[in-house]
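The values are calculated or read from the model by the stated rules, or taken from the named source; none is laboratory data. The structure displayed is predicted, hence computed values, not measured ones. Cβ atoms come from the backbone with ideal geometry, glycine included; neighbour counts cover every protein chain shown.
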Amino acid sequence: MSALPIGVFDSGIGGLTVLKALMARLPEENFIYLGDTARLPYGTKTAQTVERYALQAVDALTRRGVKAIVIACNTASAAALPALKAAHPDLPVIGVIEPGAQAAVAATGTGHIAVLATEGTVRDGAYQREILKRMTQAKVTTVAATLLVALAEEGWIDGEVATATVRRYLAPLLASEQAVPDVLVLGCTHFPPLAQVIQHVAGSLRIVDSAVTTAEALAQLLSARALVAPAGNRGMVRFLVTDGQDRFIRVGPVFLARVIAPAEVERIDL
């Protein structure tokens with residue numbers, strides 16, 4: 001058993017949706033969340049740049065003493081997970097794409113799955129690969145929706161602007177009744193706060209969010225490695241950001257569903 005914290009990393013605020021699921025599933029665990037808010041978004045950057053940023057972020061977390069890492073960013077999971085595992089061979093590291101693909105395959109009835117993600121995640125093809133590993137006959141359609149990251153970061157998660165933006169992105173996907181998928185994966189951790197708008201526009205499509213599946217995968221990993229926190233431990237969380245503490249404190253509760261106190265947030269340089 002270990003009371004060491006679990007490191008959770010994202011390009012900004014979106015990974016708080018994953019942290020929320022982790023805290024709900026593992027209430028006795030301690031967490032350190034790092035949002036690289038100075039350099040977001042990752043979704044428009046090259047894979048090489050994202051890999052470099054991710055390695056720097058995880059190095060910062062390991063210096064604080066963590067027992068596992070969750071990459072709560074689809075773009076970083078796609079671009080950097082192998083490099084992170086190679087750089088930290090003794091540290092359990094998991095991303096959000098494999099759990100998301102698993103959840104999508106479990107949810108689909110027709111085998112036609114759509115993935116709404118950032119440009120970087122779509123370009124990498126990680127979701128397509130992971131879904132086809134689990135369902136070789138699946139049809140996977142991807143939609144790059146990078147502007148949704150900015151809307152979420154601003155807290156614009158409903159109203160006319162959010163609805164019009166989502167409708168514009170999903171219009172080609174929903175144009176043909178014969179080709180419409182039955183599952184839509186939220187392939188970016190910034191997207192769950194927009195889920196209500198996305199569901200309204202998507203109609204009957206079933207929305208899949210990888211956060212809960214990722215939390216279950218982490219629980220199983222901690223158990224297998226004998227790394228679970230001692231029974232009765234009161235789980236704590238602290239936050240690290242690379243810029244914009246005030247904005248993180250203001251917008252973060254939209255994603256985490258709880259107030260973030262200024263004393264919980266520390267600004268660091270990577």
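Name the pairs whose Cβ atoms lie under 7 Å apart, with the first residue in the stretch 232-244 and in contact (Cβ under 8 Å) with a residue 24 or more places away in the chain, the second buried (at least 22 other Cβ atoms within 10 Å of the Cβ) and part of a loop (DSSP other than H, G, I, E, B), and 6 or more positions between them or separate chains?
235/29; 242/36
Residue pairs, Cβ under 8 Å, 6 or more apart or interchain, first in the stretch 183-197 and surrounded by 24 or more Cβ atoms within 10 Å (Cβ to Cβ), second in a strand (DSSP E or B) and among the hydroxyl-bearing types (Ser, Thr, Tyr). List them.
Once the first residue is surrounded by 24 or more Cβ atoms within 10 Å (Cβ to Cβ) and sits in the stretch 183-197, its partners that are in a strand (DSSP E or B) and among the hydroxyl-bearing types (Ser, Thr, Tyr) give 187/142.
So residue 51 passes all but one of these: (1) farther than 17 Å from residue 120 by Cβ; (2) in contact (Cβ under 8 Å) with a residue 24 or more places away in the chain; (3) out of contact with any Ser or Thr (no Cβ under 6 Å at 6 or more places or on another chain). Which condition number does it fail?
Checking residue 51 against (1) farther than 17 Å from residue 120 by Cβ; (2) in contact (Cβ under 8 Å) with a residue 24 or more places away in the chain; (3) out of contact with any Ser or Thr (no Cβ under 6 Å at 6 or more places or on another chain), the one that fails is (1).
Would you please name the residue that is modelled with the lowest pLDDT, looking only at residues in the stretch 139-161 that are buried (at least 21 other Cβ atoms within 10 Å of the Cβ) and of a type in the set (Gly, Ala, Ser)?
Here the residue is 152.
Can you name the helices (runs of 4 or more DSSP H) wholly within the stretch 54-133 that have at least 3 residues being polar (S, T, N, Q)?
By residue number, 74-87.
Report yes if some residue within the stretch 48-66 is under 22 Å from residue 155 (Cβ atoms), of a type in the set (Val, Ile, Thr) and assigned by TED's automatic domain parsing to the domain that holds residue 217; otherwise report no.
no
Which of the residues spanning the stretch 109-138 are surrounded by fewer than 20 Cβ atoms within 10 Å (Cβ to Cβ) and not small (Gly, Ala, Ser)?
Passing the criteria: 110, 112, 119, 123, 128, 129, 132, 133, 134, 135, 136, 137.
Which residue out of 208, 259, 254, 185 is in a helix (DSSP H, G or I) and either out of contact with any Phe, Trp or Tyr (no Cβ under 6 Å at 6 or more places or on another chain) or in the same structural domain as residue 150 (by TED's automatic domain parsing) (or both)?
Just one listed residue meets the conditions, 254.
So, of the residues in the stretch 210-241 that are under 16 Å from the mean Cα position of the chain (by Cα) and aliphatic (A, V, I, L, M), which turns out to be surrounded by the fewest Cβ atoms within 10 Å (Cβ to Cβ)?
By that ranking, first place goes to 212.
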